[in-house]
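Just so it is clear, none of the values below were taken in a lab; they were calculated from the coordinates. Worth saying up front: this structure is predicted, and the values here are computed from it rather than measured. Quick reminder, even Gly has a Cβ in these numbers, built from the backbone with ideal geometry, and neighbours come from all protein chains shown.
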Amino acid sequence: MNAIKISIATSTDFKIIQEIGRETFYETFASGNTEEVMQQYLQTSFSAEKVKTELNHPNSLFFIACDHQIPIGYLKVNMNDAQTELQESDALEIERIYVKAHYHGKKVGQLLYDQAVEIAMKKNEKINMARGVGGES
């Protein structure tokens, strides 16, 4: 798996985040929902405006995992007021680790998790896992 590269996302990467988010969320939750419910959620939660707003939040960071330059997953971490749960100043929240189903079991999620741990260690913060973290099992 040494072909997997992790890089920080910028606001210009919103389409990559949007596409991975939609695909992985659908893969994970479509079987338990109606098509109408899924499409409504995907349109709302992964709209261009919403993704751009999240990418531009000063206390959120996104990292994209690529296999030979093909985006296959992403990590979203939050600090301070961007946190969805505790909003503690000394915490780093992992909000999302999303990995395409084809890459499950190939340690991509672990690489993204390790990226979050590295950020936390650099900031000397504890890690809080948000309820509802999606992605790979």
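Quick check on my link table: of LYS5/LYS100; LYS15/LYS76; LYS5/LYS123; LYS76/LYS123; LYS50/LYS106; LYS5/LYS106, which ones sit more than 18 Å apart, alpha carbon to alpha carbon? Could the numbers behind the result be given before it?
Working: LYS5/LYS100 15 Å; LYS15/LYS76 15 Å; LYS5/LYS123 22 Å; LYS76/LYS123 16 Å; LYS50/LYS106 30 Å; LYS5/LYS106 13 Å.
Violating the 18 Å Cα-Cα cut-off are LYS5/LYS123; LYS50/LYS106.
Got a sec? How would GLU85, GLU27 order by Cβ neighbour count within 10 Å, fewest to most? Intermediate values should be presented prior to the final figure.
Details: GLU85 14, GLU27 17.
Arranged by neighbour count, lowest to highest, GLU85, GLU27 become GLU85, GLU27.
So how much slack lies between ASN33 and LYS50, counting 0.36 nm per residue of separation and subtracting their Cα-Cα distance, in nm? Working shown, then result.
On the way: separation 17, 0.36 × 17 = 6.12 nm, distance 2.23 nm.
Difference between extended and current length: 3.9 nm.
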Margin query: Once you place label points 7 Å from the Cα toward the Cβ at LYS15 and ALA3, how far apart are they in nm?
Written below: 2.3
Notebook entry, point to check: Hey, in the GNM for the chain with a 10 angstrom Cα cutoff, which one of SER47, SER11, SER31 fluctuates hardest?
Noted result: SER31
